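The structure appears below as structure tokens.
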Amino acid sequence: MTQPSDQSTALDNLLTESRAFPPSEEFAKQANADASLYEEAATDREAFWAKQAERLHWETRWSQVLDWSNAPFAKWFVGGRLNVAYNCVDRHVDDGHGDQVAIHWEGEPGDTRTITYADLKREVSKTANALLSLGLETGDRVAIYMPMIPEAIFSMLACARLGLTHSVVFGGFSAEALRSRIEDAEAKLVITTDGQYRRGNPAPLKPAVDEAVAKTPTVRNVLVVRRTGTEVDWTEGRDLWWHDVVEGQSEEHTPQAFDSEHPLYILYTSGTTGRPKGILHTSGGYLTQCAYTHNVVFDHKPGQDVYWCTADIGWVTGHSYIVYGPLANRVTQVVYEGTPNTPHEGRHWEIVQKYKVSIYYTAPTLIRTFMKWGHDIPAKFDLSSLRVLGSVGEPINPEAWMWYREHIGGNRCPIVDTWWQTETGAIMISPLPGVTAAKPGSAMAPLPGVSARVVDDTGTPVGKGGGGYLVLDKPWPSMLRGVWGDEQRYRETYWSRFAAQGFYFAGDGAKYDSDGAVWLLGRVDDVMNVSGHRISTTEVESALVSHPRVAEAAVVGATDPTTGQGIVAFVILRGGASSEEEGAALVKELRDHVAKEIGPIAKPRQIMVVPELPKTRSGKIMRRLLRDVAENRQLGDVTTLQDSSVMDLIKSGLAKSS
Ligand code: WT7
């Protein structure tokens, strides 16, 4: 297996990590989940999941919990019918909680909105009526390209309410990334804003949509929320203002139930090739596992807790743990539009203090950034409302875990390190905060109802102390139902590696420690993890070679103290560079070019101009050696290189230019 760059660090950690932090007796006593849940799930898995599905309102009950006869295409809660938006909104109003705050929205410039469940029901109904007035029909796809404003959530829920399949595209992605996603999903509508606030300044957003839809004939309308007041170009007949179309609509809309397997959304994620995959999620099983995990992993108490997940709705974490799971559980949550250091580095802690946030869910890259800014910053705020802390997106190093525990959690809050993926839809491996004695840096164990294993190259499960690949050996309710429009890719990517055993291949390396706790070791494929965002090396390479001056490119993820991995690119220039100045200017141009092609998150940290790339005799680029160079390490084994002098050439060239 290839060695992810962070694997060696994680291995060192787990060999030396002996600390474990059990929950306090007080916490354990009041927790939603106790240890008996593991037993219950192990006794009868399907009965266990059926019980979890009872958390939802079903218009028609299912007749079969799981149909796996057409594996790897699962059907959960077969024959059941429900409306996802009804479950996330209306039923709470029907149950007498219309006045409970659903969303404390905090805009980056400091404007705020308080949205109760009754408000949410009105807003979602109006939005649904507006989408109907635009002629959209059940099954149509809608692209959502928006910053973190309430209308983004209304839009997702309105789609769910009508059986439209949404495809949210992160607002930091480029016009080209948006175009390819609209095209693949054949979306009929794009919902966007005029602009978005980024680090205190309004930045335009609609121009990217204009550029994208110029080449996507399926799009009939673009619905635009006015957020920043930025001037925008307007295409009559196609472009519509939200305030013109939505505001006048009726506040009444009766939701209709859909099949449990009705497509809820498509979310694009990077794989090992240049083309992102449209991960398809459906309704009943997805919502069941989102609601269950949000309840047991975060110990959420409706009407009492104030929850805050800092993700963006452009990622799966925002789908499952801002929109669907929390709202199904009648959460009161904070939604924050902006960046953590606007207008100052204590913004998050100011928000925690202001709303008395009790559950806080974020990513290791942000925790490491907070560490860099200094613990005196959170120390200035009252964080005593916090009682559970979560982490997601990449392995969390023990130092960051301990810092989080001490400086944010006041040494009193359990930390849940949650492993999952866009494909799994919901949390799979995590401590239970009232049960598990969590070890800093370990996701610990599969949740009750989830079955995961670490296997060797041949698919044989390893024992305590053993390492290999993480697989999921039994279907789970929120699993992806395929790759949009590409059945073959679904089978090949996830089900071919361990086809004989019928295991789902997650793409992560993992290890059991001597107590049997699971340690995630990073990706084993060509997928990088930059600030918890998945970016494929091939995607960045394709962007680079699309520039006329680039002849060849190889990209690696190099360990980065803040972002987990940083993107380092090696490029061979067409015609070379005539001077150092030209080379430097070109490197800047190439970094901007990647940002334009994919989005600023994919901008390489470093681009090195090289005369050759290290290749095997069969022509495969040896990324391992490039990673050694990028991380300033002694080179590993070079004997399989086609030409072993290449590395000397690369290194001497770099020494000269630096
Ligand atoms: C990949 C999935 C799950 C939502 C955010 C990312 C890595 C995720 C952890 C964790 C170690 C983690 C894995 C996984 N990952 N959470 N707690 N510990 N690694 O979703 O973009 O689909 O990325 O993120 O490598 O495969 P995603």
inquiry  = Among the residues that make up the range 213-234, is at least one of them among the aromatic types (Phe, Trp, Tyr) and within 20 Å of Ile153 (Cβ to Cβ)?
reply    = no
remark   = Among residues of the range 17-33 being within 30 Å of Asp90 (Cα to Cα) and touching a helix residue (DSSP H, G or I) at 6+ places or on another chain (Cβ under 9 Å), the residue surrounded by the fewest Cβ atoms within 10 Å (Cβ to Cβ) is Asn32
query = among the polar types (S, T, N, Q), away from the ligand (no atom under 16 Å from the Cβ) and over 26 Å from the mean Cα position of the chain (by Cα): does that describe Ser250?
reply = yes
Given (1) modelled with pLDDT of 95 or more; (2) within 19 Å of the chain's Cα centre (by Cα), index of the condition Gly172 fails = (1)
message = Can you confirm whether Glu106 is buried (at least 20 other Cβ atoms within 10 Å of the Cβ), touching a helix residue (DSSP H, G or I) at 6+ places or on another chain (Cβ under 9 Å) and either among the charged types (D, E, K, R) or modelled with pLDDT under 95 (or both)?
response = yes
remark   = Exception for Phe381 within (1) in a loop (DSSP other than H, G, I, E, B); (2) touching a helix residue (DSSP H, G or I) at 6+ places or on another chain (Cβ under 6 Å); (3) more than 16 Å from the ligand (Cβ to nearest atom); (4) closer than 20 Å to Gly532 by Cβ falls at (4)
remark   = Considering the range 444-493, residues that are within 22 Å of the chain's Cα centre (by Cα) and of a type in the set (Ser, Thr, Tyr), and then whichever is surrounded by the fewest Cβ atoms within 10 Å (Cβ to Cβ), we arrive at Ser451
ask   = Can you tell me how many residues in the range 58-89 are within 27 Å of the chain's Cα centre (by Cα) and either outside any strand (DSSP E or B) or hydrophobic (A, V, I, L, M, F, W, C) (or both)?
value = 16
inquiry  = Looking at Arg534 and the list (1) modelled with pLDDT of 90 or more; (2) within 9 Å of the ligand (Cβ to nearest atom); (3) charged (D, E, K, R), which single condition is not satisfied?
reply    = (1)
request  = Please find, among Pro448, Pro440, the residue that is part of a loop (DSSP other than H, G, I, E, B) and in contact with a Pro (Cβ under 7 Å, 6 or more places away or on another chain).
outcome  = Pro440
The range 539-551: number of residues that are within 16 Å of the ligand (Cβ to nearest atom) and either within 15 Å of Val316 (Cα to Cα) or at pLDDT below 90 (or both) = 1
ask   = Residues Leu389, Leu432, Leu366: which one is assigned to a helix (DSSP H, G or I), among the aliphatic types (A, V, I, L, M) and out of contact with any Asp or Glu (no Cβ under 7 Å at 6 or more places or on another chain)?
value = Leu366
request  = Determine, yes or no, whether Ala506 is modelled with pLDDT of 95 or more, within 27 Å of Lys474 (Cβ to Cβ) and either surrounded by 24 or more Cβ atoms within 10 Å (Cβ to Cβ) or within 9 Å of the ligand (Cβ to nearest atom) (or both).
outcome  = yes
ask   = Which members of the range 600-629 meet the condition of being touching a helix residue (DSSP H, G or I) at 6+ places or on another chain (Cβ under 6 Å) and of a type in the set (Asp, Glu)?
value = Glu612
remark   = Listed by first then second residue, the pairs whose first member lies in the range 316-341 and is within 28 Å of Ala203 (Cα to Cα), whose partner is among the charged types (D, E, K, R) and buried (at least 24 other Cβ atoms within 10 Å of the Cβ), with beta carbons under 8 Å and at least 6 positions apart or on separate chains, are none
key: Of all residues making up the range 78-94, the number that are without any contact (Cβ under 8 Å) to a residue 40 or more places away in the chain and of a type outside the set (A, V, I, L, M)   = 2
task = Would you mind stating whether Val297 is hydrophobic (A, V, I, L, M, F, W, C) and within 16 Å of the ligand (Cβ to nearest atom)?
result = yes
key: Residue in the range 345-363 that is farthest from Gly107 (Cα to Cα), counting only those that are part of a loop (DSSP other than H, G, I, E, B) and not aliphatic (A, V, I, L, M)   = Ser358
task = Could you grab me the full set of residues in the range 451-484 that are part of a loop (DSSP other than H, G, I, E, B) and of a type in the set (A, V, I, L, M, F, W, C)?
result = Val462, Trp476, Met479, Leu480, Trp484
inquiry  = on the phi > 0 side of the Ramachandran plot, in a strand (DSSP E or B) and either polar (S, T, N, Q) or within 23 Å of the chain's Cα centre (by Cα) (or both): which single residue out of Gly522, Gly557, Gly566 fits that description?
reply    = Gly522
key: Hits in the range 403-412 - residues which are within 24 Å of the chain's Cα centre (by Cα), surrounded by fewer than 24 Cβ atoms within 10 Å (Cβ to Cβ) and either within 16 Å of the ligand (Cβ to nearest atom) or under 19 Å from Phe298 (Cβ atoms) (or both)   = Arg405, Ile408, Gly409
inquiry  = Let me spell it out: the conditions are (1) at pLDDT below 95; (2) buried (at least 17 other Cβ atoms within 10 Å of the Cβ), and Leu590 meets all of them except one. Which number is the exception?
reply    = (1)
ask   = Residue check: is Arg330 of a type in the set (Lys, Arg), more than 13 Å from the ligand (Cβ to nearest atom) and within 27 Å of Arg179 (Cα to Cα)?
value = no
task = Report whether or not Pro431 is within 15 Å of the ligand (Cβ to nearest atom), farther than 30 Å from Glu54 by Cα and buried (at least 18 other Cβ atoms within 10 Å of the Cβ).
result = no
message = Which residue is surrounded by the most Cβ atoms within 10 Å (Cβ to Cβ), if the candidates are limited to the range 360-402 and must be small (Gly, Ala, Ser) and closer than 27 Å to Thr424 by Cβ?
response = Gly390
Unmet requirement for Asp95, which otherwise passes all of (1) part of a loop (DSSP other than H, G, I, E, B); (2) in contact with a Lys or Arg (Cβ under 9 Å, 6 or more places away or on another chain) = (1)
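The values are calculated or read from the model by the stated rules, or taken from the named source; none is laboratory data. Only a predicted model underlies this, so the values are computations on that prediction, with no experimental measurement involved. Ideal geometry is used to build each Cβ from the backbone, glycine not excepted, and the neighbour counts take in all protein chains shown.
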